[in-house]
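Each remark here refers to the structure printed beneath this line.
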Amino acid sequence: MNANPLIDSVAASVGLTDITKRFGDTSAVTALSLQLAAGSFTALLGPSGCGKSTTLAMLAGLLSPDEGDITLDGTSMLRIAVEKRPVSLVFQKPLLFPHLDVAQNVGFGLRMRGFAARDITVKVQSMLERVQLGGLGARRVGELSGGQEQRVALARALILAPRLLLLDEPFSQLDAELRAEMRALVRTLHNETQTTTLFVTHDQIEAVEVADQIVLMLDGRLAGKGSPELFYQSPPTLQAARFFGVTNEICGSVCSGIFSTPFGFARPTAAADGDAVLVVRPEALRLSDCAAPDSLPGKIVAARFAGTYLALEMTTVAGLLVAHVAADTPAQIGGSVHVRVPVDASTVFRTDSA
Amino acid sequence: MTTVDAERQSRGLRRLSLRQPLLALIIAALLLPLVPLLAWAVSERWRYPALFPQKLSTRGLRIITDPRSQVLPGLLTSVVIGISVAVAATLIGLPAGRAIGVYRFRGRRLVQFLLLSPVIVPGLAVTLGIQVFFIRYGLAGTTLGVVLVQLLPTVPYAATVLGAAFANLDLDYERQARALGAGPMRTLLFVTIPLLRPALILTGLFCFLISWSEYILTLLVGTGQVQTLPLLLFAAIGSSDTTAAAALGVLVVLPPLILVALSGRLLRGQSGATIGLGRL
């Protein structure tokens, strides 16, 4: 049980089994299977149109899957109507009811669930304080700022003590500074309540910053799952690596545990035999003036100052490579350079089986 | 003050100076015809070439309040029928408007046209056909029958106005309400209807006004047994008693004017779904 007396629900573990959802001929979500541990904070990441909002709508019960099952603590949710699910959903838009004031908006769910007016007042008061809006209960919703609106929407969802909290790009309409502040607030609230949370976003930086676990969705399919660190250090799939900003891909093939290229570059790998690609993040590449075993000779063709780093484009035998190096690195366009790929910063993926 | 401000202000003044006489003209055109009506209602004798009534009297008022004239029961009948029609047409128009405004289905245009057809086809023609059924089911000559027949011209209006309101309504409000634990009925009551409040008030008002001035349908289905104000007014006009006709005329005209003025106040400062017929 949770030690926090404010919380009267227990976070649920969530299971999605082979979920498929079609709209007409197009498949929005295809055979998606996913487990979320109770109390976990997961970011569902993907570009717009990848099916992440559809997945969220199915979890909330606003859509029903064509195939597959959705479970909360092992119990199927499919036959349970939206309003009966112990799930709260915050949309991209605040969707505050304009005919109600702030406190009435926050208390809406409790009112719908038949709580006594006195209990609602008390709970709303404490909830508003937790989202730093204490004292704004009597405000009309039209008088709130964008950040305040989303705080009210968040309070309105959390006051129901949901066993699963769904956030559908809740801060994408706010400016960068406010977005960071709201992310911190969501983290704080999660630490207090330990509610299982699924946070949908298309922004990988936001996903990395807010969540303990990232689920990447591309074209309606699961394209990788793991900790934020994993997505940077050893991305689970080639698409995941690309989505997280890997620009360097070296083509080759794997034969009995060795990734090799026609130009002599080789790496040991656990990947199976066949055509393959080695990926490496731009910030992992090491440059030096002199040749070393296994380094790739190249020529700098472009240098772009990017504030905290310098982006160098180099033509090498392995094609165009991009390296992010310290901003004060001396770089001469046209100068020759030797690029080294550290063993532990590269990942090899089979390409013919994808 | 900058030149831009000055220019904007002078342009605003010019628009204002054009707008006010225009507004005055419209109001005059609408209200001036009521002046002789009022004058007739309080005059005993007013013959050519006198500019003003020659003799004033309270006969008009006495006619209205006289139990034998049936005017006060007629007023009550009109109000009861008007409110019933307004409520019923709005309730029927709500789901119909939702279908027109929200769903994109094959033949939506056709449905819209069919909904409006009772307005386009003369009511007399429709009613003559339908009257047979009213007689068969014992609805002829009853207040209920009159209410039912008056739904013919009002439901299309209700569905069209509410269709426009639904087209402008963000249905995510309803999804949000459902996700917060409100069932379909509670979502309708606590979210959709409050959001559509201005459109619903307007719809009810329109339907009440249509019902209030309905003559031919009331006469045909009410068979003269359901006496609403327009029926009494026509009777008074037919009897060439100008004072009585004018007094009744005033009684017919005033409530709608008051209602429209009140609704203007009710609708002011309303947020939520706006009413725009443009999107349909």
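The values are calculated or read from the model by the stated rules, or taken from the named source; none is laboratory data. Everything quoted here is computed from the prediction, not taken from an experiment. Note that each Cβ is placed from the backbone with ideal geometry, even for glycine, and that neighbours are counted across all protein chains shown.
Restricting the stretch B:101-131 to residues that are of a type in the set (Ser, Thr, Tyr) and part of a helix (DSSP H, G or I) leaves a set whose member that is nearest to the chain's Cα centre (by Cα) is B:Ser117.
Scoring A:Leu89 on the criteria (1) under 26 Å from the mean Cα position of the chain (by Cα); (2) more than 10 Å from chain B (Cβ to nearest Cβ); (3) closer than 26 Å to A:Val14 by Cα leaves a single failure, condition (2). Note on the stretch A:267-299: residues that are under 25 Å from A:Phe244 (Cβ atoms) and outside any loop (DSSP other than H, G, I, E, B) total 16. Contact map, the stretch B:229-254: first residue closer than 21 Å to B:Leu209 by Cα, second residue in a loop (DSSP other than H, G, I, E, B) and of a type in the set (S, T, N, Q), Cβ cut-off under 7 Å, separation 6 or more or different chains; pairs are B:Pro230/B:Ser213; B:Leu232/B:Gln70. The set of residues in the stretch A:133-172 being in a loop (DSSP other than H, G, I, E, B) and buried (at least 17 other Cβ atoms within 10 Å of the Cβ) consists of A:Leu133, A:Leu136, A:Gly137, A:Leu144, A:Ile159, A:Leu160, A:Ala161, A:Pro162, A:Arg163, A:Glu169, A:Pro170, A:Phe171.
For first residues located in the stretch A:69-82 and within 14 Å of chain B (Cβ to nearest Cβ) and closer than 11 Å to A:Ala12 by Cβ, partners that are not in a strand (DSSP E or B) and not aromatic (Phe, Trp, Tyr) and lie 6+ apart or on another chain with Cβ distances below 7 Å form the pairs A:Met77/A:Gly61; A:Met77/A:Arg85.
The residue that is nearest to A:Ser88 (Cα to Cα), counting only those in the stretch A:150-192 that are in contact with a helix residue (DSSP H, G or I) (Cβ under 9 Å, 6 or more places away or on another chain) and of a type in the set (Asp, Glu), is A:Asp168. Scanning the stretch A:112-128 for residues that are crowded, with 18+ Cβ neighbours inside 10 Å and at the interface with chain B (Cβ under 10 Å from one of its Cβ atoms) yields a single hit, A:Met112. The requirement of being under 21 Å from B:Gly183 (Cα atoms) and at pLDDT 95 or above is satisfied by A:Val106.
Among the residues of the stretch A:263-292, those that are modelled with pLDDT of 85 or more and out of contact with any strand residue (DSSP E or B) (no Cβ under 7 Å at 6 or more places or on another chain) comprise A:Arg281, A:Ala284.
Of all the criteria given as (1) away from chain B (no Cβ under 14 Å); (2) in contact (Cβ under 8 Å) with a residue 60 or more places away in the chain; (3) not charged (D, E, K, R), the one not satisfied by A:Thr26 is (2). Look at (1) more than 15 Å from the chain's Cα centre (by Cα); (2) surrounded by 16 or more Cβ atoms within 10 Å (Cβ to Cβ) and you find that A:Asn191 fails only one, number (2). Residue count for the stretch B:175-189 under the criterion of being more than 7 Å from every other protein chain (Cβ to nearest Cβ) and buried (at least 19 other Cβ atoms within 10 Å of the Cβ): the result is 2. Just one of the numbered conditions (1) more than 12 Å from chain B (Cβ to nearest Cβ); (2) farther than 21 Å from A:Val82 by Cβ is not true of A:Gly142: (1). Restricting attention to the stretch B:66-90, the residues that are touching a Gly at 6+ places or on another chain (Cβ under 8 Å) and polar (S, T, N, Q) total 1.
Within the stretch A:225-247, if we keep just the residues that are at pLDDT below 90 and not in a helix (DSSP H, G or I), the residue that is nearest to A:Ser346 (Cα to Cα) turns out to be A:Ser234.
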